[in-house]
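The values are calculated or read from the model by the stated rules, or taken from the named source; none is laboratory data. Computed from a prediction, not measured in an experiment: that's the story for all the values here. So basically every Cβ, Gly included, is an ideal-geometry build from the backbone, and we count neighbours across all protein chains shown.
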Amino acid sequence: MRIREILAAVVLAAATSPGAACDQVAPRGTGDLGLVVERAVGRLQLVDTTARTLLATIDGLGDLSHASVVFSRDGRFGYVFGRDGGLSKVDLLCRTVAKRVVQAGNSIGGAISQDGRLVAVANYAPGGVKVFDADTLELKADIPADYGDGKRAKVVGLEDAPGGRFVFSLFEAGEIWLADFSSGELAITRFRAVGREPYDALVTPDGRYYIAGLFGEDGLAMLDLWHPERGVRRILAGYGRGEEKLPVFKMPHLEGWAMAGRFAYLPAIGRHEVLVVDTETWQEAARIPVAGQPVFVMARPDGRQVWVNFALPDNAKVQVIETETRKVVRTLEPGRAVLHLEFTARGEAVWISARDDDRVIVYDTVTFTALATLDADKPSGIFFASRAFRTGL
(Lines give C-alpha, C1' and ligand atoms only; values in the text may rest on other atoms or scores of the structure.)
Protein backbone atom coordinates (compact mmCIF):
# COMPACT_ATOMS: atom_id res chain seq x y z
CA MET A 1 0.00 0.00 0.00
CA ARG A 2 1.38 3.41 -0.97
CA ILE A 3 1.98 6.16 1.57
CA ARG A 4 -0.97 8.22 0.26
CA GLU A 5 -3.32 5.22 0.70
CA ILE A 6 -2.01 4.61 4.22
CA LEU A 7 -2.60 8.23 5.19
CA ALA A 8 -6.11 8.12 3.71
CA ALA A 9 -6.89 4.99 5.76
CA VAL A 10 -5.66 6.67 8.94
CA VAL A 11 -7.79 9.76 8.28
CA LEU A 12 -10.87 7.60 7.60
CA ALA A 13 -10.35 5.60 10.82
CA ALA A 14 -10.03 8.82 12.84
CA ALA A 15 -13.13 10.32 11.26
CA THR A 16 -15.27 7.27 12.11
CA SER A 17 -13.93 6.75 15.64
CA PRO A 18 -15.78 7.95 18.77
CA GLY A 19 -13.01 10.45 19.35
CA ALA A 20 -13.89 12.31 16.16
CA ALA A 21 -16.73 14.04 18.00
CA CYS A 22 -14.18 15.54 20.40
CA ASP A 23 -12.53 17.67 17.73
CA GLN A 24 -14.65 20.72 18.56
CA VAL A 25 -14.35 20.35 22.36
CA ALA A 26 -11.47 22.00 24.19
CA PRO A 27 -9.38 19.61 26.33
CA ARG A 28 -10.43 19.62 29.99
CA GLY A 29 -10.76 17.41 33.03
CA THR A 30 -14.00 15.76 34.09
CA GLY A 31 -13.83 16.19 37.88
CA ASP A 32 -16.35 19.04 37.96
CA LEU A 33 -18.69 17.72 35.28
CA GLY A 34 -22.12 16.29 35.95
CA LEU A 35 -25.18 14.85 34.26
CA VAL A 36 -28.77 15.98 34.83
CA VAL A 37 -31.50 13.62 33.66
CA GLU A 38 -34.31 15.22 31.63
CA ARG A 39 -36.71 12.35 32.15
CA ALA A 40 -39.56 13.37 29.85
CA VAL A 41 -37.46 13.70 26.70
CA GLY A 42 -34.86 10.95 27.18
CA ARG A 43 -32.01 13.44 27.30
CA LEU A 44 -29.06 14.35 29.52
CA GLN A 45 -27.70 17.76 30.33
CA LEU A 46 -23.93 17.93 30.71
CA VAL A 47 -23.18 20.60 33.33
CA ASP A 48 -20.13 22.37 34.72
CA THR A 49 -20.44 22.42 38.52
CA THR A 50 -17.75 25.11 38.92
CA ALA A 51 -19.26 27.63 36.50
CA ARG A 52 -22.80 26.30 37.24
CA THR A 53 -23.63 26.27 33.55
CA LEU A 54 -25.00 23.96 30.88
CA LEU A 55 -22.31 22.73 28.47
CA ALA A 56 -24.27 20.45 26.16
CA THR A 57 -27.24 18.15 25.81
CA ILE A 58 -26.97 14.47 24.89
CA ASP A 59 -29.90 12.70 23.19
CA GLY A 60 -30.76 9.13 22.30
CA LEU A 61 -30.96 7.63 25.78
CA GLY A 62 -34.43 6.04 25.61
CA ASP A 63 -36.78 5.98 28.61
CA LEU A 64 -35.17 7.92 31.46
CA SER A 65 -38.20 8.00 33.76
CA HIS A 66 -36.24 6.30 36.56
CA ALA A 67 -32.70 6.66 35.27
CA SER A 68 -29.52 6.51 37.32
CA VAL A 69 -25.85 6.96 36.47
CA VAL A 70 -22.51 5.61 37.67
CA PHE A 71 -19.11 6.75 36.43
CA SER A 72 -15.93 5.12 35.20
CA ARG A 73 -12.87 5.26 37.45
CA ASP A 74 -11.33 8.10 35.45
CA GLY A 75 -14.59 10.07 35.42
CA ARG A 76 -14.74 10.21 31.63
CA PHE A 77 -17.71 7.91 31.05
CA GLY A 78 -21.14 7.81 32.61
CA TYR A 79 -23.10 4.55 32.48
CA VAL A 80 -26.81 5.36 32.24
CA PHE A 81 -29.40 2.81 33.32
CA GLY A 82 -32.75 3.50 31.63
CA ARG A 83 -36.17 2.21 32.57
CA ASP A 84 -36.54 0.62 29.12
CA GLY A 85 -33.66 -1.75 29.83
CA GLY A 86 -31.16 0.42 28.01
CA LEU A 87 -27.55 0.60 29.19
CA SER A 88 -25.79 3.59 27.64
CA LYS A 89 -22.13 4.54 27.91
CA VAL A 90 -21.86 8.33 27.64
CA ASP A 91 -18.58 10.08 26.88
CA LEU A 92 -18.48 13.28 28.95
CA LEU A 93 -15.59 14.76 26.96
CA CYS A 94 -16.94 13.98 23.50
CA ARG A 95 -20.51 14.70 24.66
CA THR A 96 -21.85 11.66 22.83
CA VAL A 97 -23.31 8.21 23.44
CA ALA A 98 -20.28 6.01 22.90
CA LYS A 99 -22.19 2.72 23.14
CA ARG A 100 -25.72 1.59 23.93
CA VAL A 101 -27.36 -1.80 24.42
CA VAL A 102 -30.95 -2.67 25.31
CA GLN A 103 -30.36 -5.56 27.67
CA ALA A 104 -33.76 -6.11 29.34
CA GLY A 105 -37.38 -5.01 29.35
CA ASN A 106 -37.35 -2.91 32.51
CA SER A 107 -34.28 -2.01 34.57
CA ILE A 108 -33.96 -0.10 37.81
CA GLY A 109 -30.31 0.89 38.22
CA GLY A 110 -26.85 -0.55 38.38
CA ALA A 111 -23.31 -0.40 39.70
CA ILE A 112 -19.71 -0.48 38.53
CA SER A 113 -17.17 -2.85 40.08
CA GLN A 114 -14.42 -1.72 42.41
CA ASP A 115 -11.78 -2.11 39.69
CA GLY A 116 -13.97 -0.39 37.09
CA ARG A 117 -13.98 -3.36 34.71
CA LEU A 118 -17.56 -4.57 35.09
CA VAL A 119 -20.94 -2.83 34.98
CA ALA A 120 -23.95 -4.63 36.47
CA VAL A 121 -27.61 -3.83 35.78
CA ALA A 122 -30.58 -4.65 38.02
CA ASN A 123 -33.64 -5.74 36.09
CA TYR A 124 -37.32 -5.86 36.97
CA ALA A 125 -38.30 -7.64 33.75
CA PRO A 126 -37.08 -10.23 33.33
CA GLY A 127 -35.98 -10.28 36.95
CA GLY A 128 -32.25 -10.67 37.37
CA VAL A 129 -28.84 -9.07 36.92
CA LYS A 130 -26.75 -8.76 33.78
CA VAL A 131 -23.06 -7.92 33.96
CA PHE A 132 -21.14 -6.25 31.15
CA ASP A 133 -17.57 -5.39 30.23
CA ALA A 134 -17.27 -1.68 31.08
CA ASP A 135 -15.17 -0.97 27.99
CA THR A 136 -17.10 -2.78 25.26
CA LEU A 137 -20.50 -3.45 26.93
CA GLU A 138 -20.05 -7.11 25.99
CA LEU A 139 -22.25 -9.37 28.14
CA LYS A 140 -20.13 -11.23 30.70
CA ALA A 141 -22.77 -12.82 32.96
CA ASP A 142 -26.55 -13.30 33.10
CA ILE A 143 -27.95 -14.00 36.59
CA PRO A 144 -31.70 -14.78 36.57
CA ALA A 145 -33.38 -14.08 39.90
CA ASP A 146 -35.14 -17.45 40.11
CA TYR A 147 -36.54 -18.46 43.47
CA GLY A 148 -38.57 -21.62 42.90
CA ASP A 149 -41.60 -22.95 41.00
CA GLY A 150 -40.63 -21.00 37.90
CA LYS A 151 -40.92 -17.66 39.67
CA ARG A 152 -38.51 -14.80 39.05
CA ALA A 153 -38.15 -11.79 41.37
CA LYS A 154 -37.55 -8.14 40.66
CA VAL A 155 -33.99 -7.19 41.54
CA VAL A 156 -33.51 -4.09 43.68
CA GLY A 157 -30.73 -2.54 45.73
CA LEU A 158 -27.86 -3.55 43.44
CA GLU A 159 -24.56 -2.28 44.86
CA ASP A 160 -20.88 -2.90 44.24
CA ALA A 161 -18.87 -4.31 47.12
CA PRO A 162 -15.12 -4.52 47.75
CA GLY A 163 -13.31 -7.51 46.34
CA GLY A 164 -14.90 -7.68 42.88
CA ARG A 165 -18.40 -8.39 44.16
CA PHE A 166 -21.94 -7.19 43.56
CA VAL A 167 -24.73 -7.58 46.09
CA PHE A 168 -28.46 -7.21 45.48
CA SER A 169 -31.92 -8.06 46.82
CA LEU A 170 -34.85 -10.01 45.41
CA PHE A 171 -38.07 -8.14 46.17
CA GLU A 172 -40.70 -10.90 46.04
CA ALA A 173 -38.38 -13.64 47.28
CA GLY A 174 -37.12 -11.82 50.38
CA GLU A 175 -33.54 -12.80 49.58
CA ILE A 176 -30.09 -11.17 49.27
CA TRP A 177 -27.56 -12.54 46.77
CA LEU A 178 -23.81 -11.95 46.70
CA ALA A 179 -22.21 -12.32 43.25
CA ASP A 180 -18.42 -12.74 43.45
CA PHE A 181 -16.26 -12.19 40.36
CA SER A 182 -12.91 -11.99 42.20
CA SER A 183 -11.61 -15.32 40.88
CA GLY A 184 -12.58 -14.59 37.30
CA GLU A 185 -15.48 -17.04 37.58
CA LEU A 186 -18.90 -16.13 38.95
CA ALA A 187 -19.78 -17.53 42.38
CA ILE A 188 -23.16 -16.74 43.96
CA THR A 189 -24.07 -16.96 47.64
CA ARG A 190 -27.79 -16.78 48.47
CA PHE A 191 -29.19 -15.55 51.77
CA ARG A 192 -32.82 -16.56 52.18
CA ALA A 193 -35.65 -15.34 54.43
CA VAL A 194 -34.01 -11.98 55.13
CA GLY A 195 -37.38 -10.22 55.56
CA ARG A 196 -40.45 -9.29 53.57
CA GLU A 197 -40.01 -7.28 50.37
CA PRO A 198 -36.53 -5.74 50.45
CA TYR A 199 -36.98 -2.63 48.32
CA ASP A 200 -33.71 -0.67 48.29
CA ALA A 201 -30.27 -0.97 49.79
CA LEU A 202 -26.88 0.59 50.38
CA VAL A 203 -23.30 -0.28 51.19
CA THR A 204 -21.87 1.68 54.09
CA PRO A 205 -19.09 4.12 53.17
CA ASP A 206 -16.41 1.83 54.63
CA GLY A 207 -17.61 -0.97 52.35
CA ARG A 208 -18.34 -3.33 55.22
CA TYR A 209 -22.12 -3.63 55.47
CA TYR A 210 -24.90 -4.12 52.93
CA ILE A 211 -28.19 -2.92 54.39
CA ALA A 212 -31.56 -3.54 52.73
CA GLY A 213 -34.74 -1.74 53.71
CA LEU A 214 -37.83 -3.92 54.14
CA PHE A 215 -41.06 -2.61 52.70
CA GLY A 216 -43.21 -5.48 53.96
CA GLU A 217 -42.25 -5.11 57.61
CA ASP A 218 -40.46 -2.78 59.98
CA GLY A 219 -36.71 -3.03 60.21
CA LEU A 220 -33.74 -3.59 57.93
CA ALA A 221 -31.63 -6.57 56.87
CA MET A 222 -27.85 -6.27 57.22
CA LEU A 223 -25.11 -8.42 55.68
CA ASP A 224 -21.52 -8.11 56.96
CA LEU A 225 -19.45 -8.18 53.76
CA TRP A 226 -16.29 -8.90 55.75
CA HIS A 227 -17.92 -12.00 57.19
CA PRO A 228 -20.74 -13.14 54.89
CA GLU A 229 -20.54 -16.58 56.50
CA ARG A 230 -22.31 -15.05 59.51
CA GLY A 231 -25.45 -14.56 57.45
CA VAL A 232 -27.97 -11.72 57.45
CA ARG A 233 -28.82 -9.91 60.68
CA ARG A 234 -31.99 -7.93 61.38
CA ILE A 235 -31.54 -4.42 62.76
CA LEU A 236 -34.04 -1.80 63.93
CA ALA A 237 -36.75 -4.45 63.97
CA GLY A 238 -40.17 -3.09 64.92
CA TYR A 239 -39.28 0.59 65.10
CA GLY A 240 -42.88 1.47 64.21
CA ARG A 241 -44.65 -1.57 65.63
CA GLY A 242 -47.83 -0.87 67.55
CA GLU A 243 -48.24 2.59 66.08
CA GLU A 244 -50.64 3.59 63.36
CA LYS A 245 -48.81 3.62 60.05
CA LEU A 246 -49.25 6.22 57.37
CA PRO A 247 -49.83 5.30 53.73
CA VAL A 248 -46.60 5.31 51.73
CA PHE A 249 -46.77 7.83 48.88
CA LYS A 250 -43.26 7.24 47.52
CA MET A 251 -40.65 4.63 48.33
CA PRO A 252 -37.72 6.17 50.24
CA HIS A 253 -34.22 5.71 48.87
CA LEU A 254 -31.70 4.19 51.24
CA GLU A 255 -28.90 4.87 48.74
CA GLY A 256 -29.12 8.49 49.80
CA TRP A 257 -28.66 7.79 53.48
CA ALA A 258 -26.47 10.10 55.53
CA MET A 259 -23.42 9.27 57.63
CA ALA A 260 -22.19 11.78 60.17
CA GLY A 261 -19.51 10.40 62.46
CA ARG A 262 -20.76 7.15 63.98
CA PHE A 263 -24.42 7.95 63.31
CA ALA A 264 -26.54 7.14 60.29
CA TYR A 265 -29.64 9.08 59.25
CA LEU A 266 -32.31 7.01 57.51
CA PRO A 267 -35.74 7.77 56.00
CA ALA A 268 -38.54 6.16 58.01
CA ILE A 269 -41.01 4.34 55.77
CA GLY A 270 -44.43 5.95 55.83
CA ARG A 271 -43.57 8.23 58.74
CA HIS A 272 -42.72 11.93 59.06
CA GLU A 273 -39.41 11.10 60.69
CA VAL A 274 -35.73 10.64 60.05
CA LEU A 275 -34.21 7.82 62.09
CA VAL A 276 -30.82 8.26 63.73
CA VAL A 277 -28.90 5.01 64.17
CA ASP A 278 -25.73 4.34 66.17
CA THR A 279 -23.59 2.30 63.76
CA GLU A 280 -21.52 0.81 66.58
CA THR A 281 -24.53 -0.92 68.10
CA TRP A 282 -27.01 -0.67 65.21
CA GLN A 283 -29.62 0.56 67.65
CA GLU A 284 -31.93 3.51 67.25
CA ALA A 285 -30.45 6.64 68.85
CA ALA A 286 -33.12 9.23 68.03
CA ARG A 287 -35.95 10.26 65.74
CA ILE A 288 -36.15 13.66 64.14
CA PRO A 289 -39.61 15.01 63.16
CA VAL A 290 -39.64 16.39 59.61
CA ALA A 291 -42.18 18.00 57.28
CA GLY A 292 -43.32 14.85 55.48
CA GLN A 293 -42.40 11.33 54.41
CA PRO A 294 -38.67 11.50 53.61
CA VAL A 295 -37.43 10.13 50.29
CA PHE A 296 -33.73 11.07 50.16
CA VAL A 297 -31.79 11.73 53.35
CA MET A 298 -28.36 12.95 52.25
CA ALA A 299 -25.35 14.21 54.16
CA ARG A 300 -23.19 17.11 53.15
CA PRO A 301 -19.73 15.61 52.54
CA ASP A 302 -18.38 16.92 55.85
CA GLY A 303 -21.30 15.37 57.77
CA ARG A 304 -22.35 18.61 59.44
CA GLN A 305 -25.71 18.81 57.69
CA VAL A 306 -28.33 16.36 56.46
CA TRP A 307 -30.66 17.44 53.65
CA VAL A 308 -34.07 15.80 53.24
CA ASN A 309 -36.69 15.84 50.48
CA PHE A 310 -40.19 14.41 50.68
CA ALA A 311 -43.01 12.50 49.03
CA LEU A 312 -46.36 14.03 48.15
CA PRO A 313 -47.99 16.23 49.37
CA ASP A 314 -44.80 17.83 50.75
CA ASN A 315 -42.53 17.36 47.75
CA ALA A 316 -41.98 21.09 47.18
CA LYS A 317 -39.95 21.29 50.39
CA VAL A 318 -36.40 20.50 51.42
CA GLN A 319 -35.33 20.55 55.05
CA VAL A 320 -31.83 20.85 56.48
CA ILE A 321 -30.91 19.07 59.72
CA GLU A 322 -27.90 20.15 61.76
CA THR A 323 -26.25 16.95 62.95
CA GLU A 324 -24.78 18.47 66.14
CA THR A 325 -28.21 19.38 67.48
CA ARG A 326 -30.31 16.96 65.40
CA LYS A 327 -32.73 19.76 64.70
CA VAL A 328 -34.20 21.14 61.48
CA VAL A 329 -32.48 24.50 60.96
CA ARG A 330 -33.90 25.52 57.58
CA THR A 331 -36.86 24.75 55.34
CA LEU A 332 -36.48 25.61 51.66
CA GLU A 333 -38.98 25.49 48.80
CA PRO A 334 -36.91 25.09 45.62
CA GLY A 335 -39.93 24.28 43.44
CA ARG A 336 -42.63 21.75 42.76
CA ALA A 337 -41.76 18.03 42.85
CA VAL A 338 -38.23 18.02 44.21
CA LEU A 339 -36.85 14.67 43.06
CA HIS A 340 -33.12 14.63 43.68
CA LEU A 341 -30.27 16.36 45.48
CA GLU A 342 -26.55 16.12 44.76
CA PHE A 343 -23.68 17.79 46.59
CA THR A 344 -20.54 19.03 44.92
CA ALA A 345 -17.45 17.09 45.94
CA ARG A 346 -16.39 19.53 48.66
CA GLY A 347 -19.94 20.23 49.81
CA GLU A 348 -20.03 23.98 49.29
CA ALA A 349 -23.10 23.69 47.07
CA VAL A 350 -26.04 21.38 46.50
CA TRP A 351 -27.94 20.95 43.23
CA ILE A 352 -31.68 20.25 43.49
CA SER A 353 -34.07 19.20 40.71
CA ALA A 354 -37.63 20.59 40.70
CA ARG A 355 -39.37 18.50 38.07
CA ASP A 356 -42.69 20.30 37.79
CA ASP A 357 -41.07 23.74 37.55
CA ASP A 358 -38.61 22.53 34.88
CA ARG A 359 -35.53 23.77 36.68
CA VAL A 360 -32.47 22.88 38.71
CA ILE A 361 -31.54 25.18 41.59
CA VAL A 362 -28.06 25.43 43.09
CA TYR A 363 -27.83 26.45 46.75
CA ASP A 364 -24.95 27.59 48.93
CA THR A 365 -24.95 25.10 51.82
CA VAL A 366 -23.79 27.66 54.39
CA THR A 367 -25.96 30.68 53.61
CA PHE A 368 -28.81 28.74 51.91
CA THR A 369 -28.92 31.35 49.15
CA ALA A 370 -29.69 30.34 45.59
CA LEU A 371 -26.51 30.59 43.49
CA ALA A 372 -27.92 29.63 40.10
CA THR A 373 -31.00 28.34 38.32
CA LEU A 374 -30.77 26.20 35.20
CA ASP A 375 -33.70 25.43 32.90
CA ALA A 376 -34.31 21.71 32.36
CA ASP A 377 -37.13 19.65 30.88
CA LYS A 378 -38.66 17.66 33.77
CA PRO A 379 -35.33 17.10 35.57
CA SER A 380 -34.96 14.18 37.95
CA GLY A 381 -31.62 12.56 38.80
CA ILE A 382 -28.45 14.63 39.20
CA PHE A 383 -25.09 12.83 39.12
CA PHE A 384 -21.57 14.24 39.38
CA ALA A 385 -18.42 12.69 37.95
CA SER A 386 -16.63 13.46 41.22
CA ARG A 387 -18.48 10.44 42.64
CA ALA A 388 -16.01 8.30 40.70
CA PHE A 389 -13.23 9.55 42.97
CA ARG A 390 -15.04 9.13 46.32
CA THR A 391 -14.87 6.21 48.64
CA GLY A 392 -18.08 4.50 49.71
CA LEU A 393 -21.27 6.06 48.38
Some residue of the range 177-185 being within 23 Å of Tyr265 (Cα to Cα) and touching a residue at least 40 places away in the same chain (Cβ under 8 Å): no
Subset of the range 116-147 [of a type outside the set (A, V, I, L, M), exposed (fewer than 15 other Cβ atoms within 10 Å of the Cβ) and in contact (Cβ under 8 Å) with a residue 24 or more places away in the chain]: Thr136
Top-ranked residue in the range 212-235 [being within 24 Å of the chain's Cα centre (by Cα) and acidic (Asp, Glu); ranked as surrounded by the fewest Cβ atoms within 10 Å (Cβ to Cβ)]: Asp224
Test: residue in the range 263-286 that is in contact (Cβ under 8 Å) with a residue 24 or more places away in the chain and closer than 14 Å to Thr365 by Cα: no
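Mind listing just one residue for me: the one in the range 330-358 that is assigned to a loop (DSSP other than H, G, I, E, B) and basic (Lys, Arg) and, of those, modelled with the lowest pLDDT?
Step by step, filter the range 330-358, then rank; the result is Arg346.
Residues checked against (1) over 18 Å from the mean Cα position of the chain (by Cα); (2) in a loop (DSSP other than H, G, I, E, B); (3) modelled with pLDDT of 95 or more; (4) closer than 18 Å to Ala376 by Cβ:
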{"position": "Leu55", "(1), (2), (3), (4)": "yes, no, yes, yes"}
{"position": "Val90", "(1), (2), (3), (4)": "no, no, yes, yes"}
{"position": "Val97", "(1), (2), (3), (4)": "yes, no, yes, no"}
{"position": "Gly116", "(1), (2), (3), (4)": "no, yes, yes, no"}
{"position": "Ala120", "(1), (2), (3), (4)": "no, no, yes, no"}
{"position": "Val131", "(1), (2), (3), (4)": "no, no, yes, no"}
Qualifying residues in the range 186-207 (those that are part of a strand (DSSP E or B) and surrounded by 22 or more Cβ atoms within 10 Å (Cβ to Cβ)) - the one farthest from the chain's Cα centre (by Cα): Pro198
Scope the range 133-160; condition in a strand (DSSP E or B), closer than 27 Å to Ala385 by Cα and touching a Phe, Trp or Tyr at 6+ places or on another chain (Cβ under 9 Å); matching residues: Leu139, Lys140, Ala141, Val155, Val156, Gly157, Leu158, Glu159, Asp160
Those residues of the range 52-75 which are among the aliphatic types (A, V, I, L, M) and exposed (fewer than 15 other Cβ atoms within 10 Å of the Cβ), in sequence order: Ala56
Condition met for Val308 (touching a residue at least 40 places away in the same chain (Cβ under 8 Å), part of a strand (DSSP E or B), β-branched (Val, Ile, Thr) and touching a helix residue (DSSP H, G or I) at 6+ places or on another chain (Cβ under 8 Å)): no
Failed condition for Gly163, given (1) surrounded by 24 or more Cβ atoms within 10 Å (Cβ to Cβ); (2) in a loop (DSSP other than H, G, I, E, B): (1)
Members of the range 81-95 that are closer than 16 Å to Val47 by Cα and buried (at least 19 other Cβ atoms within 10 Å of the Cβ): Val90, Asp91, Leu92, Leu93, Cys94
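If you check Thr367 against the conditions, is it surrounded by fewer than 16 Cβ atoms within 10 Å (Cβ to Cβ) and in a loop (DSSP other than H, G, I, E, B)?
yes
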